Amino acid sequence: MEKSQANDGMICGQPCGAVYVSIVVPCYNEEKCIPEFYRRIRCVLEEIGRPFEIIFVNDGSSDRTAEQLIEIQSQDQNVVIVDLSRNHGHQLALTAGLDVAQGARILLIDADLQDPPELLPKMMEAMDAGADVAYAKRISRAGESSFKRMTAGLFYRLLRRLSKTDVPVDTGDFRLISRRVADVLRQMPESHRFLRGMVTWVGFRQVPVNYHRDSRFAGKTKYSIGAMVGLAIDAVTGFASAPLRFMFYLSAATSIAAVCFLAWIIYAFLFLHTVSGCADILFVQLLFSAINLFALGLIGEYVGRTFIQGKGRPLFIIRSVSRGRSDAGIRPDESAKHGE
């Protein structure tokens, strides 16, 4: 497998440039949020006073996101624009940004300003104290419905019970990671990615940084119910084999129930002189059909992901990487794979 050209800035896993912290920002139709996000993150980075780069990943936006990013870059040489060939999705956009990032520390953050850039100094303090990952843990979630908060809470608690990977509850992808964690992530080639679970799986020292999550600054969320369900399925199939084991236990239990039901039919025929009606037979048939279809669907999810992974296609395709610094230039029509 060819090594991505986006890795040119790395030598033996260490940044070869002077970048201390990289900010990775996936952008999909965020034209209303980008100017305010850039203003706030730039103020925070200037207060920190260390060399930085802000990597905006344009994930196939159809609005003026690309034009705004070019305008910002023309005024700030620390801005890097990663332009993907199409919309690959939030998790792969983050992955593309990680592949390009050259900093010793990398912050993953969305452009919608629900996650405040002003939390970065506290994350830096946690990493200064020895952490490899400083993940933001939500104390409150403004602007989100009770249904979304409830389902998110249930999902993370269920995932922790199904998986051996102890993914922290009430967290997202908003986190600061060290270079060695980023290098491990870049070697993980999963096509269906659940980054917050992957970061937890990596290990090292990980500490929470509590914060209050804000409402979106502008626009609408890009995570529809369907997208959230898809992410949940990726999380479960990527980090838990318990559902397959559950189907084995369920099949054993239903088999026992079927034997008991058969015994009851024989007993009723011989001693009670009654014959089971069509309703009973139909109920049993529908029950077993539903269980079989559910089992096939569940197995199909695992097999389908194995099939897609086996094709070995690139996780994402980078149209171009534009660096504002004069020593970087522009690399057009790049294709990048995560890992080697």
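Can you work out which of the residues in segment 182-212 that are aromatic (Phe, Trp, Tyr) and surrounded by fewer than 19 Cβ atoms within 10 Å (Cβ to Cβ) is modelled with the highest pLDDT? Break it down stepwise before answering.
Taking segment 182-212 and keeping what is aromatic (Phe, Trp, Tyr), we get 194, 201, 204, 211.
From what is left, the residues that are surrounded by fewer than 19 Cβ atoms within 10 Å (Cβ to Cβ) are 201, 204, 211.
Values: 201: 82, 204: 87, 211: 83.
Step by step, filter segment 182-212, then rank; the result is 204.
Rundown of residues vs (1) of a type in the set (D, E, K, R); (2) part of a loop (DSSP other than H, G, I, E, B); (3) in the same structural domain as residue 132 (by TED's automatic domain parsing), yes/no style:
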| residue | (1), (2), (3) |
| --- | --- |
| 32 | yes, yes, yes |
| 41 | no, no, yes |
| 45 | no, no, yes |
| 60 | no, yes, yes |
| 71 | yes, no, yes |
| 74 | no, no, yes |
| 80 | no, no, yes |
| 115 | yes, yes, yes |
| 119 | no, no, yes |
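So, in segment 165-181, exactly how many residues are at pLDDT below 80 and either part of a loop (DSSP other than H, G, I, E, B) or of a type in the set (Asp, Glu) (or both)?
6
Would you mind finding the one in 296, 282, 270 that is assigned to a helix (DSSP H, G or I), more than 30 Å from residue 192 (Cβ to Cβ), at pLDDT 70 or above and not assigned by TED's automatic domain parsing to the domain that holds residue 191? Spell out how you get there, then give the answer.
Values: 296 fails: more than 30 Å from residue 192 (Cβ to Cβ); 282 fails: at pLDDT 70 or above.
When all the criteria are applied, what remains is 270.
Name, by its number, the condition in (1) at pLDDT 65 or above; (2) surrounded by 15 or more Cβ atoms within 10 Å (Cβ to Cβ) that does not hold for residue 157.
Checking residue 157 against (1) at pLDDT 65 or above; (2) surrounded by 15 or more Cβ atoms within 10 Å (Cβ to Cβ), the one that fails is (2).
The values are calculated or read from the model by the stated rules, or taken from the named source; none is laboratory data. Just so we're clear, the structure is a prediction, and the values are computed from it rather than from any experiment. Every residue, glycine among them, receives a Cβ derived from its backbone with ideal geometry; neighbour counts consider all protein chains shown.
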